[in-house]
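See structure below.
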Amino acid sequence: MRYRTLGGTGIDVSTYCLGTMMFGAVGNPDHADSVRIIHAALDRGVNFVDTADMYSGGESEEIVGKALRDPRRRESTVLATKVYFPMGGEGPNKGGLSRRWITLAVENSLRRLGTDWIDLYQVHRPDPRTDIEETLDVLGDLVTQGKIRTFGCSTFPAEEIVEAHAVADRRGLRRFRSEQPPYSLLARGVEASVLPVAQRYGMGVLTWSPLASGFLTGRYRKGAPIDLSSGRAALHPHRFDPSLPVTAAKLDAVEELVALADEIGCSLPELAIAFVTAHPAVTSVIIGPRTMEQLEGLLKGAPVVLTDEVLDRIDAIVPPGTNVYPPDGVWRPRALTEPALRRRPLEERAAG
């Protein structure tokens, strides 16, 4: 396993980051088996583990904590988690990026993880209700207190990243050191601005969903029936319905990518992950196995190198900077989600 430096932090992380979203109730509920998978990844040279407080309602963090209980494992592992989404309980302040919530959430994450510090603490999504200055200020305080080593953002649009850096410079605050965007062969939109902006500011980049919610595993093929009653398809059937144009577009691209992978002698998942790691902005790609077999299959692809010719052929299938489908779970600005922000009062709309 090769290592790359996470932006300007001086922290070296493995090119594969072990994502743990599938450990717990939503994926693998067997804690002992999940711990074995984490240990297997660490023993193979992966030193970067990413989780979030909201994964399985905190259960994922608890599993990671069990896996890193040995102080030697904890000291050699770069541990990342996230904050933003609501975490149970009643009341309006159970989420977001306010000082109030982050201060509470980090303590809960430290407790579930069974550790005194978090290496990379990430804000999971932008929070339009909270001034970015407020968020950066409390995150800087957590660094000073030693509870986190550094912090970053996740799934931020380029303009939000730029604003955060501008505020940090203007107010003399610590700044985001990393970004975690969705990036895959089928979702290349971040190449247009997010990745160049991250490079401009010297940020590390750890990407999620390199297998495009399973479409780049080879499990879903054009003309083959898709079982909408199990797995991811059961949770989000609208994302897998072959009658929808967006699904048809994914399946068409997958057929061309499968043929390319076969031609160069690798699997479709190996092609998909090697593509992401080839981008100069990318520090680490998050792999999220649910089983030991899946982990072994993913690690097998670590030596795969894509030549310029292969990357050119990928560009012909999915043009740079384009999305075959809108990546799942991407934050959308209020200007798009709230019609009232795009519409003048009725009495003011006429030009004359």
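The values are calculated or read from the model by the stated rules, or taken from the named source; none is laboratory data. Everything numeric here is computed off the predicted structure, so don't read it as measured data. In this analysis, Cβ positions are derived from the backbone assuming ideal geometry, glycine residues included, and neighbour counts consider all displayed protein chains. In case anyone asks, the SASA skips ligands and DNA or RNA and just uses the protein heavy atoms, side chains included. Shrake-Rupley method; radii C 1.70, N 1.55, O 1.52, S 1.80 Å.
What is the list of residues in the stretch 86-102 whose amide nitrogen lies under 14 Å from a point 7 angstrom out from the Cα of Glu134, following Cα to Cβ?
Counting only backbone N, you get 92-102.
For Lys66, Lys250, write out the residues from largest to smallest accessible area, computed with a 1.4 angstrom probe and no ligands counted.
Per-residue accessible area, sorted high to low, gives Lys66, Lys250.
Using a 1.4 angstrom probe, figure out how much accessible area the chain has per residue, in square angstrom, rounded to the nearest whole. Walk me through the numbers before you get to the answer.
Details: 16220 Å² over 352 residues.
Result: 46 Å² of accessible area for each residue.
Run lengths n ≥ 4 of DSSP H only: what is the helix-derived mean residue ellipticity at 222 nm for the chain, with -39500 (n - 2.57) per run over all residues, to the nearest 500?
Mean residue ellipticity, 222 nm, calculated: -11500 deg cm²/dmol.
Could you give the distance between the Cα centres of the stretch 172-201 and the stretch 1-73, to the whole Å?
22
May I ask you to give the percent of accessible area on the stretch 13-149 that is carbon plus sulfur, with a probe radius of 1.4 Å?
48
Report the Cα centroid-to-centroid distance between the stretch 93-160 and the stretch 254-305 in angstrom, as an integer.
Computed from Cα coordinates, the inter-centre distance equals 31 Å.
Multiply the residue gap between Gln145 and Arg344 by 0.36 nm, knock off their C-alpha separation, and tell me the result in nm, one decimal place.
That works out to 67.0 nm of additional length.
How do Val26, Val305 rank by accessible surface area computed with a 1.4 Å probe, from largest to smallest?
Val305, Val26
At 24 angstrom or more along the helix axis (alpha-carbon based) and mean Kyte-Doolittle of 0.0 or higher, what helices does the chain contain? Whole DSSP H runs only.
TM-like helix candidates: 245-264.
Heads up, I need the accessible area for Glu263: 1.4 angstrom probe, whole protein in place, Å², nearest 10.
So the heavy atoms of Glu263 present about 120 Å² to solvent.
For the chain, give me the percentage of DSSP beta bridges that are antiparallel, rounded to the nearest 5 percent. The partial results should precede the final answer.
Numbers: 5 of 30 bridges.
Close to 15 percent.
Which residue, Arg332, Arg174, Arg149, tops the fluctuation ranking in a GNM of the chain built on C-alpha contacts under 10 Å?
Arg332
Say the dipole of the chain comes from +1 at the beta carbon of Lys and Arg and -1 at that of Asp and Glu; which of Pro29, Tyr220, Leu68 then lies farthest toward its positive end?
Selected residue: Leu68.
List the residues, sorted by chain then number, that are 5 or more residues from Gly204 or on another chain and whose placed amide H is less than 5 Å from its amide H.
Answer set, sorted by chain and number: Gly7, Gly8, Ser178, Glu179.
Measuring from label point to label point, each 7 Å out along Cα→Cβ, what is the Glu255 to Asp30 span in nm?
A separation of 3.8 nm, rounded to one decimal place.
Could you tell me the relative contact order of the chain? Use alpha-carbon pairs under 8 Å, at least six residues apart, and round to a whole percent.
Worked out over the chain, it gives 17 percent.
Give, in nm to one decimal, the length gained when the segment between Arg170 and Thr337 is fully stretched (0.36 nm per residue of separation minus the Cα-Cα distance).
57.1 nm
Pop out the carbon and sulfur fraction of the accessible area of the stretch 262-310 as a percent, whole number, probe 1.4 Å.
About 51 percent, which is the carbon plus sulfur part of the accessible surface.
Where a Cα-Cα gap under 13 Å defines reach, which aspartates and glutamates qualify for Lys300, not counting those fewer than 8 residues away within the same chain?
Glu270
Sort 152-162, 80-90 by packing, meaning the average of other beta carbons within 10 Å per residue, with the highest value first.
The packing order, highest mean first, is 152-162, 80-90.
Under 18 Å Cα-Cα from Lys147, which lysines qualify once same-chain neighbours fewer than 8 residues away are excluded?
Candidates past the 8-residue exclusion: Lys82.
With only Lys, Arg, Asp and Glu charged, each at its Cβ (+1 for the first two, -1 for the last two), find how big the charge dipole of the chain is about the Cα centre; round to the nearest 20 debye. Could the numbers behind the result be given before it?
Working: 41 positive and 45 negative charges, 131 e Å.
Dipole size: approximately 640 debye.
Grab the Cα-Cα distance for Glu293 and Arg44, subtract it from 0.36 nm times how many residues apart they are, and report the gain in nm with one decimal.
That pair, Glu293 and Arg44, stretches by 88.2 nm at full extension.
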